[in-house]
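Novice: Here you go, one structure.
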């Protein structure tokens, strides 16, 4: 007998419930198959959080939060940073990635984008090759789904330091 919120049930009933759940999970439409193939080609489903948010376990949006995260990251040893960077597939946490920015009026699904049209001189050069820190991008991949003990320990260490330093 096993306990469930609706009462107790035996092993046979539990097996039936398990089988019923599996049938629902086996549903395969053409769209699902196509999406699974596409995700598989690119190495899995794309992350929905930035690397900093993944490491800290909460949103990192404001300038103060980013500064606190950088300070917490600074408390790790170089070897520890290297282990984390290697596991999450980034060269280093100081690396910068290019960002696509339209050069002129561009028609997008959400309207016209007016950007960089009026920039001149030095400002234009800075905006021709905009970059974002690897920490605040969504271009990272875990090596494996399960975290090794040393990586779990380092993430927890970073979370404790960041949560101590972050406002709110």
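Novice: Is it the case that some residue within region 76-84 is modelled with pLDDT of 90 or more and in a loop (DSSP other than H, G, I, E, B)?
Specialist: Scanning region 76-84 turns up at least one residue that is modelled with pLDDT of 90 or more and in a loop (DSSP other than H, G, I, E, B).
Novice: Applying the selection to region 120-138, what residues are at pLDDT below 85 and either assigned to a loop (DSSP other than H, G, I, E, B) or more than 24 Å from residue 46 (Cβ to Cβ) (or both)?
Specialist: Answer for region 120-138, where residues must be at pLDDT below 85 and either assigned to a loop (DSSP other than H, G, I, E, B) or more than 24 Å from residue 46 (Cβ to Cβ) (or both): 120, 121, 122, 123, 124, 125, 126, 127, 128, 129, 130.
Novice: If you check residue 159 against the conditions, is it outside any helix (DSSP H, G or I) and either at pLDDT 90 or above or within 22 Å of the chain's Cα centre (by Cα) (or both)?
Specialist: Judged against the criteria, residue 159 is not a match.
Novice: Another question about this same structure. Report, by residue number, each residue of region 19-36 that is exposed (fewer than 10 other Cβ atoms within 10 Å of the Cβ), modelled with pLDDT of 70 or more and in a helix (DSSP H, G or I).
Specialist: Selection gives 19, 30, 31.
Novice: Scan region 54-73 for residues that are touching a helix residue (DSSP H, G or I) at 6+ places or on another chain (Cβ under 9 Å), surrounded by fewer than 19 Cβ atoms within 10 Å (Cβ to Cβ) and in a helix (DSSP H, G or I) and report the count.
Specialist: Matching residues across region 54-73 total 5.
The values are calculated or read from the model by the stated rules, or taken from the named source; none is laboratory data. The model shown is predicted, which means the values in this text are computed figures rather than measured ones. Quick reminder, even Gly has a Cβ in these numbers, built from the backbone with ideal geometry, and neighbours come from all protein chains shown.
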